[in-house]
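K.L.:
Following this message is one structure expressed as C-alpha cells.
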Amino acid sequence: MKQFKAIFFDMDGVLLDSEPCWVDAERAVFLKEFQVELTQEDLTHTCGLKTTEVVQYHCERQGINHFDIQGLNLAIEEAVKSCIAAKIKPIAGLYDLVNFLKIRQIPAYLVTSSSWNILNFVVSHLGLDDFFIQKFSAYDVALGKPSPLIYQKALQDTLLNPNDVLVIEDSVHGVTAAKSAGLHVLVRNSPQPRLAHFQELVYVLDHCEALDYIVSKNFFSHEQ
C-alpha cells in the first residue's frame with residue numbers, strides 16, 4: 001500500500017474557495033481600467049496562474065498594448081483580499097484534515113501560484129501560520145503553474161522525493177504542474193471540465209471526503 005511522508009497544499013480552491021473572488025476582481029479591474037468585459041472562457045483559462053500572468057494574458061487577448069502590469073496586479077490582489085476578508089470561509093473539513101496531519105506529525109507545505117502578498121494574507125486569515133513547515137510562491141520562480149518549476153523548487157528545498165509526497169490541487173494548471181514534477185495528486189472536485197482529461201487521479205468533493213479517502217487508503221499511517 002502506498003505511503004507518503006509529506007503533503008503539499010495548493011492554496012486558492014484548496015484551503016478556501018477563493019476562486020469567485022479572483023473572477024470578480026479580474027472582471028471589475030478590466031472593466032474599470034479598459035472598459036473590457038472578460039468572458040467566462042477568459043477567466044477559466046487564467047485559473048491557477050500568477051496574477052502577473054493573468055494580467056498579461058488578458059491584455060494580450062484583448063489587444064491592450066499599454067498597461068501597468070504591477071499596478072493591475074496590485075489592484076486585482078487588493079480586491080481579492082477584501083473579498084476574502086468579507087465573505088470567504090475555509091473549505092469544509094479543512095481543519096479536520098489539518099488536525100489529522102498534526103497528530104501524525106506529517107510535514108505540510110504550501111505551494112501556490114499566488115504572490116507573497118496574497119499567500120501571507122490567506123494563511124493569517126485562516127489561522128494556519130504555524131501549520132506549514134515552509135511556504136512556496138510561484139513568484140520566486142520564472143514561471144507559475146502549469147510549469148512544474150514551483151513544485152520542483154519545493155522538492156529541491158525540502159529534499160523530498162516526489163514519490164514520497166501527496167499533493168492536493170484543484171485546477172488544471174495546478175494538476176499539470178504537480179504531475180509534470182512527478183508528484184502524486186489528490187484533486188478536489190472542480191467544475192473545470194478539462195480535469196477529465198487527466199488519468200489516474202482521485203477526485204473528491206471537499207476536504208472531508210479528501211480526509212476520508214486518505215484514511216481509507218492508509219496514506220499516512222505512521223508517525224514521522
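K.L.:
Residues to consider are 55, 98; find the one that is outside any loop (DSSP other than H, G, I, E, B), under 18 Å from residue 12 (Cβ atoms) and assigned by TED's automatic domain parsing to the domain that holds residue 210.
P.N.:
Checking each option against the conditions leaves just 98.
K.L.:
Please count how many residues of the stretch 23-52 are acidic (Asp, Glu), surrounded by fewer than 17 Cβ atoms within 10 Å (Cβ to Cβ) and part of a helix (DSSP H, G or I).
P.N.:
Number of matching residues: 3.
K.L.:
Let me ask something additional. For the stretch 75-117, how many residues are of a type in the set (S, T, N, Q) and surrounded by 13 or more Cβ atoms within 10 Å (Cβ to Cβ)?
P.N.:
Number satisfying all stated conditions: 5.
K.L.:
While we're here: When you scan the stretch 127-156, how many residues do you find that are of a type in the set (Val, Ile, Thr) and surrounded by fewer than 17 Cβ atoms within 10 Å (Cβ to Cβ)?
P.N.:
Number satisfying all stated conditions: 1.
K.L.:
Go through 132, 121 for me and flag whichever is assigned by TED's automatic domain parsing to the domain that holds residue 211 and assigned to a loop (DSSP other than H, G, I, E, B).
P.N.:
132
K.L.:
Next question. Looking at (1) within 15 Å of the chain's Cα centre (by Cα); (2) part of a helix (DSSP H, G or I); (3) modelled with pLDDT of 95 or more; (4) not aromatic (Phe, Trp, Tyr), find the lone condition where residue 110 falls short.
P.N.:
Among (1) within 15 Å of the chain's Cα centre (by Cα); (2) part of a helix (DSSP H, G or I); (3) modelled with pLDDT of 95 or more; (4) not aromatic (Phe, Trp, Tyr), residue 110 violates only (2).
K.L.:
Quickly run through the stretch 169-200 and pick out the residues that are surrounded by fewer than 16 Cβ atoms within 10 Å (Cβ to Cβ) and either among the hydroxyl-bearing types (Ser, Thr, Tyr) or modelled with pLDDT under 85 (or both).
P.N.:
180, 189, 191, 193, 194, 196, 197, 198, 199, 200
K.L.:
Just one of (1) of a type outside the set (D, E, K, R); (2) within 18 Å of residue 172 (Cα to Cα); (3) surrounded by 18 or more Cβ atoms within 10 Å (Cβ to Cβ) trips up residue 20, so point out which.
P.N.:
So residue 20 meets the others, but not (3).
K.L.:
So residue 12 ticks every box in (1) assigned by TED's automatic domain parsing to the domain that holds residue 123; (2) surrounded by fewer than 19 Cβ atoms within 10 Å (Cβ to Cβ) but one. Which box is left unticked?
P.N.:
Against the list (1) assigned by TED's automatic domain parsing to the domain that holds residue 123; (2) surrounded by fewer than 19 Cβ atoms within 10 Å (Cβ to Cβ), residue 12 comes up short only on (2).
K.L.:
If the Cβ limit is 8 Å and pairs must be 6+ apart or interchain, which residue in the stretch 172-186 that is under 20 Å from residue 219 (Cα atoms) pairs with which residue that is among the charged types (D, E, K, R)?
P.N.:
Close Cβ pairs satisfying both conditions: 175/169; 178/169; 184/2; 185/169; 185/179; 186/169.
The values are calculated or read from the model by the stated rules, or taken from the named source; none is laboratory data. Just so it is clear, the model here is predicted, and its values are computed rather than measured. Using ideal geometry, Cβ is built from the backbone for each residue, glycine included, and neighbour counts are taken over all protein chains shown.
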